[in-house]
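Notes follow once the structure below has been shown.
The values are calculated or read from the model by the stated rules, or taken from the named source; none is laboratory data. Because the structure is predicted, anything quoted here is derived from the model rather than measured. Cβ coordinates were reconstructed from backbone atoms using ideal geometry, including for glycine residues, and neighbour counts include every protein chain displayed. Accessible surface is based on the protein model in full, side chains and every heavy atom, while ligands, DNA and RNA are left aside. Shrake-Rupley method; radii C 1.70, N 1.55, O 1.52, S 1.80 Å.
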Amino acid sequence: MGVIQEKDLIDSVADALQYISYYHPPDYIEALGRAYELEESPAAKDAIAQILTNSRLCAEGHRPICQDTGIVVFFVKVGMNLRWNSKLSLEEMINEGVRRAYLNPENTLRPSIVADPAFTRKNTLDNTPAVIHTQIVPGDKLDIRVSAKGGGSENKAKFAMLNPADSIVDWVLKTVPTMGAGWCPPGMLGIGIGGSAEKAMLMAKESLMDPIDMGELKARGPETQIEKLRVELHDKVNALGIGAQGLGGLTTVLDVKILQYPTHAASKPIAIIPNCAATRHLHFILDGTGPVHLEPPDLDRWPRIDWKPSAESKRVNLDTLTSDEIALWQPGDRLLLNGKMLTGRDAAHKRIADLFACGKGLPPGVDFTNRVIYYVGPVDPVRDEVVGPAGPTTATRMDEFTEMMLSKTGLLAMIGKAERGPSGIEAIRKHKAAYLMAVGGAAYLVSKAIKSSHVVAFADLGMEAIYEFEVKDMPVTVAVDIKGASVHQIGPALWSQKISAGLPIRKHPPEST
């Protein structure tokens with residue numbers, strides 16, 4: 001019988017988290033590659049190309065797929081006959097592994113975890129503690145499944161207590177559109193049915209650890225009621241036309257996973273949790289013979305896609321940007337941004353609001369007049385980088401501050417991820433501003449366009465400080481124009497109509513090339 005050594009578990013956890021920060025699971029890449037080949041929406045195809053190109057760059061450069069390197073979640077099965085050689089508890093060993101992974105100087109990962117979430121929300125600075133679910137099982141092995149779950153997708157989790165006779169399909173099809181695109185599709189949907197409220201949520205999360213196999217399932221045909229439900233939901237969710245990044249297209253989900261558990265006769269709990277384009281998870285087993293050994297994936301499994309800006313893209317000089325120029329932008333226009341921009345996300349916006357509420361102005365060095373703000377919290381740079389991966393964060397979280405920013409600072413436009421909500425769109429329309437969308441899940445690719453970076457205010461906020469970036473050909477799409485027209489409403493509506501009208505779609509994904 002093997003003995004689990006303290007160091008072996010800590011090293012294995014640290015290595016696993018580093019590994020999944022820059023290697024997508026090959027099953028995800030292959031499924032996304034098939035979706036790319038099938039996609040007929042130019043905007044969605046371009047977004048998928050950026051995600052796939054970003055993935056290969058990260059795999060080659062060993063840098064994070066997304067700037068949001070996630071909240072770490074473990075599902076741990078502990079063999080009843082296991083023996084240990086450690087002075088630390090299981091949770092302490094796991095958290096030490098998380099700490100070492102996120103503070104690794106060769107590939108620093110962004111710490112996103114805040115303690116005292118109801119009040120001070122102070123960053124723990126090392127991404128601990130992890131969320132750990134433990135099960136005692138027969139045997140003498142330690143079975144670990146680990147994921148690093150991004151906040152954008154986690155925030156879109158939904159739960160309901162259905163009546164026993166209610167339709168699961170109807171609820172899912174009603175719920176998915178309410179999730180918007182902040183979860184960065186194409187991804188997966190994890191669904192938990194039954195048990196109790198917390199059990200349904202736990203099953204939804206756990207199901208996302210399973211490999212993508214929808215293509216294989218369709219090829220052989222579903223054999224159980226759950227498999228039939230998976231196929232039905234996969235096809236009907238994709239028929240909504242939401243598409244990559246919510247821009248409208250054929251592929252919103254690559255797979256739908258379902259776990260179920262017996263429940264009370266009066267209940268039908270159901271939970272849905274999406275997994276984003278930065279799908280990160282790994283399964284490994286320790287048996288007492290040493291730490292896990294992780295083989296790098298074969299990069300030949302990645303599609304040979306090298307994203308380049310569209311010939312239709314328009315170059316924009318941010319240093320001379322005017323309201324008149326913004327007035328010419330139309331929803332769906334592709335732009336390449338050049339010049340200087342400021343950044344700011346949740347904490348910076350809240351601090352600016354507090355300053356205004358106290359009758360104070362913006363801090364020294366911060367002037368948004370005729371400028372663009374990028375909603376981003378970048379990863380710290382390593383080696384010769386100007387900045388680490390720096391993809392957009394979900395823009396709807398800034399909606400409550402948009403009227404303030406547009407009315408009091410002279411801001412012209414904003415850059416973020418996914419759609420804007422009604423209040424954000426109304427403020428944009430009222431002030432004749434614009435909202436631009438960068439691709440979530442392409443953070444390393446975006447960072448290549450950033451040529452200089454320095455903090456100009458709120459340095460104590462870390463990744464949420466206000467930076468000034470100088471960019472060259474940073475790719476974005478006009479998502480909301482000065483009239484309040486949103487590509488996230490126009491695109492999905494158009495593609496839903498095309499799909500329902502019988503747009504020729506191959507029912508089974510082709511084999512990956």
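Considering the stretch 139-191, and only residues there that are touching a residue at least 40 places away in the same chain (Cβ under 8 Å) and of a type in the set (D, E), the residue that is nearest to T252 (Cα to Cα) turns out to be E154. Scanning the stretch 426-443 for residues that are of a type outside the set (D, E) and open to solvent by 20 Å² or more (accessible area, probe 1.4 Å) turns up R429, K430, H431, K432. Look at (1) within 24 Å of I29 (Cα to Cα); (2) open to solvent by less than 70 Å² (accessible area, probe 1.4 Å); (3) modelled with pLDDT under 95 and you find that I499 fails only one, number (1). When the test is whether a residue is without any contact (Cβ under 8 Å) to a residue 24 or more places away in the chain and crowded, with 16+ Cβ neighbours inside 10 Å, V316 passes it.
Scan the stretch 61-74 and tell me whether some residue there is surrounded by fewer than 19 Cβ atoms within 10 Å (Cβ to Cβ) and under 21 Å from D210 (Cβ atoms). Looking for residues that are surrounded by fewer than 19 Cβ atoms within 10 Å (Cβ to Cβ) and under 21 Å from D210 (Cβ atoms), one finds at least one in the stretch 61-74, hence yes.
Residue-by-condition table, conditions (1) touching a strand residue (DSSP E or B) at 6+ places or on another chain (Cβ under 8 Å); (2) of a type in the set (K, R):
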| site | (1), (2) |
| --- | --- |
| F458 | yes, no |
| M463 | no, no |
| K472 | yes, yes |
| V480 | yes, no |
| K483 | no, yes |
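Only residues that are open to solvent by less than 10 Å² (accessible area, probe 1.4 Å), within 20 Å of the chain's Cα centre (by Cα) and of a type in the set (S, T, N, Q) were counted in the stretch 5-37, giving 1. If you scan the stretch 328-381, which residues turn out to be under 28 Å from L103 (Cα atoms), open to solvent by 10 Å² or more (accessible area, probe 1.4 Å) and aliphatic (A, V, I, L, M)? Once the filter is applied, which keeps residues that are under 28 Å from L103 (Cα atoms), open to solvent by 10 Å² or more (accessible area, probe 1.4 Å) and aliphatic (A, V, I, L, M), the stretch 328-381 yields only A347. Looking at the stretch 221-293, the strands (runs of 3 or more DSSP E) lying wholly inside it that each contain 3 or more residues that are open to solvent by 20 Å² or more (accessible area, probe 1.4 Å) sit at 253-261, 281-286. Hey, could you check the stretch 444-456 for residues that are farther than 26 Å from Q245 by Cα and out of contact with any Leu (no Cβ under 8 Å at 6 or more places or on another chain) and say which is surrounded by the most Cβ atoms within 10 Å (Cβ to Cβ)? Out of the qualifying residues, it is S453.
Residues that are open to solvent by 40 Å² or more (accessible area, probe 1.4 Å) and β-branched (V, I, T) do occur in the stretch 135-153.
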